[in-house]
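Student: The following block contains the structure, expressed as structure tokens.
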Amino acid sequence: MSGTSIPTPSPAGEAAMRSPDQPGTWFQRVFRQKEYWPPYAAGFGLGLTLLAAFVLMGEGLGASSAFSRGVAALLGAVAPEHAAASDFWSRYVGGGQSPLINFMVFEVAGLAVGGFVSGWLAGRLGIAVDKGPGIAKGTRYGMALTGGIITGIGARLARGCTSGQALSGGASLAAGSFVFMLAVFGAGFVGAFFLRRKWL
Amino acid sequence: MSAPYFESFSLPVYLTLAALIGFFFGFFLERAGFSSAKKLTDQFYFRDWAVFKVMFTAIITAMMGMAYLSLAGWLDMSEVFIPPTYLWPQLVGGLMVGAGFIVGGYCPGTSVAAAAIGKLDAVVFLVGIVIGSFLFGEGFGLFEEFSMSGSLGTLTLPVWLDINTGVVVLGVVLIALGGFWAAENSEGRWNLFGKTYGRGAGVKSHEG
């Protein structure tokens, strides 16, 4: 971890965190340890959440479209004529209902709360910047902004991101989602080679 | 009455369920350590296989769940939204999301979880997504034709490959298990709620 500040854990969290093999209550061992969950446990939980989304809501998880809806709502408020005239924004702002009254928007709001609660229980809250050891914070912010912009455009082009395409499309065996998944990992591995001095 | 149930929910119930599902989504992402750009990008340097493991555990869990539920006649898959296939935009969009991932350190969902626990780089990444979303919408005229190219409709792997769904499900499970096996052999040991198993058991974990 390269976070610059490590938050002070609560006494209960500290006790549970001293040694992974130390006994504690079931709740402390599972939820109050600073150590991350084993990937298979977290993945199983995520899979059940994904399954619940399909069974209850009739569609999988997503994230990126909530941001398009947020921008559409903003444009609908500050420049309604412009939004209504756009082939893209009018998909969201038309129909008399706010683009924010939507599964993905409420789901992403819940995502933020769920992430916060998990981090809070584990003692992982704190203002920090995650970066490779060899770069300045300013460089990291520049990378984050650039990466975010590329992701924002790419996710709309693909009609989804790692959540909507790779996870949900993968689980529902959508052919194009597997193409998407291979492309994400391919670009990631190639890019990683060129950015190794930024991350390692 | 068979699933999915979205048509039987009132709007407040629907939105509450959406937020609840999102809560667990964010909770498990953060539990996995996906609120850290360093941990996420370590996958691309083969230092940490958590991204692959979590993603494929989730995919095979939900995939098998849906396969069994539809086999039992409880889940009507014709009512479930399956992302339609647009080959070229999905290829190029995937390359862009992959590039954005390694440059920015996150994908959209993980950046929300990371921002929620105080990661400033994730907040900046989110600002980038908003700008990117705005640029896509404003430049839609440029992207529109390409974004419709390679359209194959709602196409699933069993239909595309002309193989029975159960066989495809088994194939994806076997590919995932092969990947897990390779990952475990390269990492040597794994942890389950504070206990270490596998090669090097008893040694303190390097994770977290």
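Student: Report, as an integer, the average count of C-beta atoms from other chains found within 10 Å of each Cβ along A:99-108.
Tutor: Details: counts 0, 1, 3, 3, 8, 2, 4, 9, 12, 8.
For peptide A:99-108, the averaged partner shielding equals 5.
Student: Can you find, among B:74, A:65, A:84, the residue sitting farthest towards the positive end of the charge dipole of the protein assembly as shown, where Lys and Arg contribute +1 and Asp and Glu -1 at Cβ?
Tutor: Going by the charge dipole, the pick is A:65.
Student: Something else about it: Given C-alpha coordinates of the range A:79-185, what is the ratio Rg to Rh with the Kirkwood estimate of Rh? Display every interim value, and only then the final one.
Tutor: Working: Rg = 17.9 Å, Rh = 17.3 Å.
Radius of gyration over Kirkwood radius for the range A:79-185 works out to 1.04.
Student: If you don't mind, another one. If R₀ is 51 angstrom, what is the calculated FRET efficiency for the pair residue B:164 and residue A:135, using the beta carbon separation as r and rounding to 0.05? Display every interim value, and only then the final one.
Tutor: Working: r = 50 Å, r/R0 = 0.98.
The pair residue B:164/residue A:135 has a calculated efficiency of 0.50.
Student: So, in Å, what gap is there between the alpha-carbon centers of the range B:147-164 and the range B:117-144?
Tutor: The range B:147-164 and the range B:117-144 have Cα centres separated by 29 Å.
Student: Which pairs in the list B:39/B:119; B:53/B:119; A:137/B:39 are over 19 Å apart, alpha-carbon to alpha-carbon?
Tutor: Listed pairs above 19 Å: B:53/B:119.
Student: Amide H to amide H under 5 Å from residue B:76: which residues, 5+ apart in sequence or cross-chain, H placed 1.01 Å off N in plane?
Tutor: B:3
Student: Which whole-percent values make up P(r) of the protein assembly as shown when all C-alpha to C-alpha distances are grouped in 20 Å steps starting at zero?
Tutor: Taking every Cα pair in the protein assembly as shown, the percentages come to 28, 60, 12, 0.
Student: Using unit Cβ charges (K, R positive; D, E negative) and no other charged atoms, how large, in debye to the nearest 20, is the dipole of chain B about its Cα centre?
Tutor: Values: 10 positive and 14 negative charges, 207 e Å.
Roughly 1000 debye, rounded to the nearest 20.
Student: Among A:127, B:129, A:153, which comes first, second and so on when ranked by fewest other beta-carbon atoms within 10 Å? Please report the intermediate quantities before stating the final value.
Tutor: Numbers: A:127 13, B:129 33, A:153 25.
The fewest-first ordering by Cβ neighbours comes to A:127, A:153, B:129.
Student: At what distance in nm do the modelled label points of residue B:140 and residue B:11 sit from each other, each positioned 7 Å from its Cα along Cα→Cβ?
Tutor: Going from the residue B:140 label point to the residue B:11 one covers 2.2 nm.
Student: Suppose every K and R has +1 on its Cβ and every D and E has -1 on its Cβ; what is the size of the dipole of chain A about the Cα centre, in Debye to the nearest 20? Provide the component values of the computation, followed by the final result.
Tutor: Working: 15 positive and 8 negative charges, 127 e Å.
About 600 debye.
Student: What number, in percent, do you get for the relative contact order of chain A if the mean sequence gap of Cα pairs under 8 Å and at least 6 apart is divided by its residue count? Before the final figure, lay out each step's value.
Tutor: Values: 183 pairs, mean separation 56.1, N = 200.
This gives 28 percent for chain A.
Student: So how strong a dipole does the range B:24-118 carry about its Cα centre when Lys and Arg Cβ are +1 and Asp and Glu Cβ are -1, to the nearest 20 debye?
Tutor: On the way: 5 positive and 5 negative charges, 72 e Å.
In total the dipole reaches around 340 debye.
Student: How would you rank B:21-34, A:183-196, highest first, on the average number of other Cβ atoms within 10 Å across their residues? Please report the intermediate quantities before stating the final value.
Tutor: Working: B:21-34: 27.9, A:183-196: 18.4.
Order by mean packing, descending: B:21-34, A:183-196.
Student: So what's the angle, to the nearest 10 degrees on a 0 to 90 scale, between helix A:39-52 and the longest Cα principal axis of chain A?
Tutor: Helix A:39-52 sits roughly 40 degrees off the main axis of chain A.
None of the figures in this text is laboratory data; all of them are computed from the coordinates on show. Note that the coordinates shown come from a computational prediction; the quantities given were computed from them, not determined experimentally. Reconstructed Cβ throughout: ideal geometry from the backbone, glycine too, with neighbour counts over all protein chains shown.
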